[in-house]
Structures are given as structure tokens and as C-alpha cells.
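The values are calculated or read from the model by the stated rules, or taken from the named source; none is laboratory data. What you are looking at is a predicted structure, and each value in this text was computed from that prediction instead of being measured. Using ideal geometry, Cβ is built from the backbone for each residue, glycine included, and neighbour counts are taken over all protein chains shown.
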Amino acid sequence: MIAQQILNGVITGSIYALFALGFTLVFSVHRVLNLAHGGVFMVSALFAYYLVTSGVSIWVAAVAAALAGGVVSGLIEIVALRRLRRFPPHVMEFAALITTLGADIVIINIGHKLTDAQTVRFPFGTFPNVFFNLLGLRISFLQIAVLLTVGAMLLFLMYYLYRTPVGLKLRAVASSEKAARLMGVNPDAVYLQTFFISGVMAGIAGVLIALSFNSISAHMGEPYMLKAFVIIVLGGLGSIPGCVMAAIFFGVAQTLCVVYLPPGAPDIILYSLLFLVLLVKPSGLMGSAAAISIVGRRA
Amino acid sequence: MNYFSQYLPLADIFLLALGFAFSQQVVLRAGVFSVATAGFASLGAYCSAILVTTYGWPAPAAIAASLLFGTAAGWCLSLPLARLRGIYQAIATLAFVQVVIAVMLFATSITGGGLGINSIPKSVGTGTLLAAAIITGYVMFAMQRSGIGRAFDAIQQEETVAAVLGVSIRRYHALAFTISGAIAGLFGGLQSLNTYTLTPSSFSFTFVIMVLGYIVVGGRRSAWGPVVGVAFLTLLPELSRGLAEYRPIVTGIVMIAVMIFLPLGLADTFILSLKRRKRQGNLVEGGTHVRSAS
């Protein structure tokens, strides 16, 4: 029984990790909390829904939705953030929160209009509904897909950041935009790329999460945004492996709280936990100060 | 007379929003990135509503209690949070707001849970709200002109310099939190006695966004900032009914545009340009003007 609960928790945590990875990537490179991430996530899910209902297979729809997420996220970078980089960092930090929040409001309300404020669902059988029994635990094909995707995304990000020339540029811009510019790196291109990748990840997350819970609505991103805050703080702001570990820890903790505590209590505990972590160890549970500065933190 | 009375509810909304905007402005002005206003307002609102409905307190006493409760909450929150900076502060205060909402939902026997508290007797009219808003506005204005205002400005612009000049950052951040809590508590109490009902979702993330929007659009420095911001974001969509449907989208676009093109906000940019014009005028008339950099 408890083993099944822990497995469910790991899967819930992986779902949070799916969402939080793209969010963390942007934060680690830009030092910007992209509050529109939830909006991008919703756009992709909605886009996949429209494609599936017009007869496209879910696999094609998922790829298209991921690309759509990337494009929307890139647009947000160009419209809402590019012009802010002329401000000094502490002004930019505030300004970026406001503009991405503005972008999020706009996106969510367009989604709201498109769906007529309704919750829409994928038609039954969009994704093969198969269950496996693994050592007496029950796990669905979709859940395995979620776990595999999180693993693949994590590997891809680590490879991309630390083993490719593009990743090197990205880390250079993250540690000092000025120095990178002098070395012939175009920061605007790097930022756009980061946002595109982050958007693609939000897109994949959007489709998988929409399939997992089979519900898509304009406001579907909001609860995940709040959880993503908890996760990136727990994992160490800007640390990518820390983010995945924190997400899984959070998922397990939440599932166990929901099972063993009265309803309503888990939220109090989890947000108080966030509060405490920020007070006691703002660099997060996994991320030492040094680990953050590798991925880039302008102190 | 009829013409005015149909706009009275709108005036109430405007004045309440103005109060919350002042509360948000105080912290931003001191360089504290707190979004805790929603939490303080929620505490204040529940405090008044419970005292009036369950314990039968008279309205003025309940509102005074809200004010005190908000002040105390602000001061308590400032103790741990003065250690954090920037985004960390924003996330921590957002966590505080979430904890407040979760507690209000959880403590069903006291707060009514998700259904909230209904049929609160309406004992606060537009006049009271107007008085409260004017007094708060005056306090803000006076504070801006005093040493506290100058210290806030110094901290907001460059903390290191402020510290070197002998401004105690910890003390002024604590002060900003406390004042913000007091104002939000007061207006939270007023709102619950003005609008009949109160639910935990009245002061949720949406509220946080709205209040931030007022200050961003209006401006962070002058006491006129919140007035302009609230007027722009609440009155315009209400008066032009065609836009009302697209109100959130317009709010979002305005937030982006103002931040990019007028990062100081409408009121502050206007005041700054007035000052510049005046200074240039003096230069032309008075010839040499040594103390032009103020």
C-alpha cells in the first residue's frame, strides 16, 4: 500500500518536474522568473487538443504543440523581456516579473475566450490506456511515458548545457553578459534560444499533463506555477538536477500528506515548508551556492 | 442625484483598491519586493468579519482591531523576511499569501472554509472609505516628505550606498512591512464590512496581480502613483462598457507597455517631466544655476 503511494508520489513529482524544468532553465540563465510559463504550458495543451479533435494523431499533435510552445515562449522573450535588458539588474528583476505576469494574463485570457471558460477533454482513447503490473504495483503506460520524458529532458539539458558549444555560450551569457558579448556571443540569440527550449519543454509538459488528468482549461497553469516556485526554491534556485530531485521529493511528500492528513492541511504544510527553506537555507536543499553559480547567478 | 448614486459602488471599489495599492506601494518604495499585501488584507478582513458576526463587536472597534492585527502581522513577517532580497522575498511573501489562504480554507469552524463568511452587516459606506483613503494618502504624502521617505528612496536606489550613509536597512525594511501590514489590515477590515461576503479566494493570486498592476501603472514613488494606477485600471474599463469584457487582456498589455516604455509609471514620469521643465525654465531665466542636480 505504502509502496504504491510512494510510486504515485514519484509520478506526481515527475509531472511537477516536467513543468518546472523549463521554468528553472530560464531562471538559471536569465535570473528571470518567467511567470508566463504557465500560460505557454496551457497554450500547448490547448493547441494539442484542437489538433486531436480535428483528427490529427496524438503523436503529431504533441510535436506540433511542443513547437507551438517554443514559438510562444520566444515571442514572450522578444515582446516582454528584450527591451528590459537595458535596465540595471535589480530593476530588470522587478520589471521582468511584471511584464511576464502581464504576458501570462494576456495569454490566459485569450485561452479563456477561446474555450468559452469551459474545461475541455481529449476524446476517449486518445492515448493508449494500458496498465502494467510491476512487482505488484500498478502503473499505466502514460505514467511510464511521463517518467521517461522527465529522464530524457534532464539528460538533454545536462548534455546541452555542458557538452555543446551552444551550451557553452549560454553559460557564458549567464555568468557575464558583457564578457560574453566581448567574446563575440550574441546574447539576444542565446536568450531567444533558452526561451524556445523552455517553451518546448512547457509544451511537452502541457500535453502530458493534459493527458494525465484529461482536462484542459485556461487556468490550468496556475497551480503548477505555485508549485514550481516551491520546487525551484527547494532544489536550489537555478540548479537543474536539484529541480528534478526537489520535484520528486515534493510529489512524494504531497501524496503522503494527502493520504494521511485531513484535507486542506497539505497546502499549509507545503507552503510553510517553502517559507522555512527560504529563511533557513535560501540556496535550497540540493544547491550549494557554488552549484548555482555554475549555471549562472549574477550576484 | 440618481446619476451619482449609480456610481457609488464603483467609488467603493475605487477607494478600497486605492487603500490596497498604498499598502503595496510602501514596500516597493523601500526596495522590498513583497506581495504580502493580499495576506495582510485577508487577515484584516477575517478579523473584522469574525469580530462583528460572531462576537457582535461594533464596527469601529472591529476595524481598529483589523488595523492592529495587520500591523502585528506585518511586523512579525518583517523579522524573518528582512534577511531576503529581490525575487527570494517575492517568493517568500507569495508563500505567506498561500499559507493564509490555506489556513482560511482549513479552519472551517472559525472562518467558514471555502464558503467564507456571508451576510456581514454593511456598516461601512462610501464616506468612511473616502475618509480612510484620504487619511492614508495624507500619511503616505507626509512620509514621502519626511526622513523616512528619503531613507526609503536611498535604500530602493542602492542598498550599499544607503548602508554606508548610515541608513539601517533592516529597520526601514521592518518599518515598510509594518506600515504595509497596517494599511492592508485596515482596508481589509473596511472591505469585509462594506461588501457583505468574504471568501478566502477574495485575496488570492489574482488580487496580488491586480494590486501590483496598480503600482506598476501608476508609479512607485509619489503618493499620486496609486491614485493614477487605480483610476487607470479600475475606472476606465468600468466606464467604457465595451472594453469591460477584455479588461484582463487590456490590463496585461498595459502592464507590459508601461514597464517597457515608462518604467517609472504614469504619475512618476509625469511628475519627473514637470520638474525637469521647471528646472530648465529656471536655468533660462536665472542664468547660471549651480545646484541643478538634485
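Values computed for the structure shown
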| item | result |
| --- | --- |
| The one condition in (1) closer than 21 Å to B:Gln24 by Cα; (2) away from every other protein chain (no Cβ under 13 Å); (3) in contact (Cβ under 8 Å) with a residue 40 or more places away in the chain that B:Tyr196 fails to fulfil | (1) |
| Some residue of segment A:162-181 being outside any helix (DSSP H, G or I) and more than 28 Å from B:Ala92 (Cβ to Cβ) | yes |
| Matching option when the condition is in contact with a Ser or Thr (Cβ under 6 Å, 6 or more places away or on another chain) and within 14 Å of chain B (Cβ to nearest Cβ), among A:Ala96, A:Ala20, A:Ala80, A:Ala65 | A:Ala80 |
| Positions within segment A:137-155 being among the small types (Gly, Ala, Ser) and either crowded, with 18+ Cβ neighbours inside 10 Å or in contact (Cβ under 8 Å) with a residue 12 or more places away in the chain (or both), in sequence order | A:Ala145 |
| Evaluation of A:Ala289 against (1) surrounded by fewer than 19 Cβ atoms within 10 Å (Cβ to Cβ); (2) modelled with pLDDT of 75 or more; (3) of a type outside the set (D, E, K, R) (one fails), failing number | (2) |
| Segment B:212-228, residues that are away from chain A (no Cβ under 12 Å) and within 22 Å of B:Thr251 (Cβ to Cβ) | B:Gly218, B:Gly219, B:Arg221, B:Ser222, B:Trp224, B:Gly225, B:Pro226, B:Val227, B:Val228 |
| Extreme residue, farthest from B:Leu198 (Cα to Cα), among residues of segment B:110-135 that are of a type outside the set (Gly, Ala, Ser) and touching a Gly at 6+ places or on another chain (Cβ under 9 Å) | B:Leu129 |
| Residues (within 8 Å of chain B (Cβ to nearest Cβ), at pLDDT 80 or above and surrounded by fewer than 17 Cβ atoms within 10 Å (Cβ to Cβ)) located in segment A:263-278 | A:Ser272 |
| Selection status of A:Pro187, surrounded by 15 or more Cβ atoms within 10 Å (Cβ to Cβ), modelled with pLDDT of 80 or more, over 30 Å from A:Ala3 (Cβ atoms) and within 26 Å of the chain's Cα centre (by Cα) | yes |
| Unmet criterion (only one of (1) within 19 Å of B:Gly225 (Cα to Cα); (2) more than 14 Å from every other protein chain (Cβ to nearest Cβ); (3) small (Gly, Ala, Ser)) for B:Ser34 | (2) |
| Residue match in segment B:171-184 (condition: in a helix (DSSP H, G or I), within 14 Å of chain A (Cβ to nearest Cβ) and either under 11 Å from the mean Cα position of the chain (by Cα) or not aliphatic (A, V, I, L, M) (or both)) | no |
| Criterion violated by B:Pro80 - all others in (1) more than 10 Å from chain A (Cβ to nearest Cβ); (2) touching a Leu at 6+ places or on another chain (Cβ under 9 Å); (3) over 23 Å from B:Ala223 (Cα atoms) satisfied | (1) |
| Candidates B:Gly112, B:Gly147, B:Gly74 - the one that is surrounded by 20 or more Cβ atoms within 10 Å (Cβ to Cβ) and more than 14 Å from chain A (Cβ to nearest Cβ) | B:Gly74 |
| Residue in segment B:54-63 that is surrounded by 22 or more Cβ atoms within 10 Å (Cβ to Cβ), more than 14 Å from chain A (Cβ to nearest Cβ), over 19 Å from A:Ile269 (Cα atoms) and at pLDDT 85 or above present | yes |
| Single match in A:Lys227, A:Lys169, A:Lys178 (criterion: among the basic types (Lys, Arg) and within 14 Å of chain B (Cβ to nearest Cβ)) | A:Lys227 |
| Test: residue in segment A:101-117 that is touching a residue at least 60 places away in the same chain (Cβ under 8 Å) and either in a loop (DSSP other than H, G, I, E, B) or away from chain B (no Cβ under 14 Å) (or both) | yes |
| Every pair of residues 6+ apart whose Cβ atoms lie under 6 Å, when the first sits in segment B:245-273 and is closer than 14 Å to B:Tyr214 by Cα while the second is in a loop (DSSP other than H, G, I, E, B) and not aliphatic (A, V, I, L, M) | B:Leu264/B:Gly219; B:Gly265/B:Gly219; B:Ala267/B:Gly219; B:Ala267/B:Ser222; B:Asp268/B:Gly219; B:Asp268/B:Arg221; B:Asp268/B:Ser222 |
| Selection from segment A:107-124 of residues that are surrounded by fewer than 16 Cβ atoms within 10 Å (Cβ to Cβ) and under 22 Å from the mean Cα position of the chain (by Cα) | A:Thr119, A:Arg121 |
| Counted residues, segment B:91-103 - those being out of contact with any Leu (no Cβ under 7 Å at 6 or more places or on another chain) and either facing another protein chain (nearest Cβ under 7 Å) or within 10 Å of A:Tyr271 (Cα to Cα) (or both) | 5 |
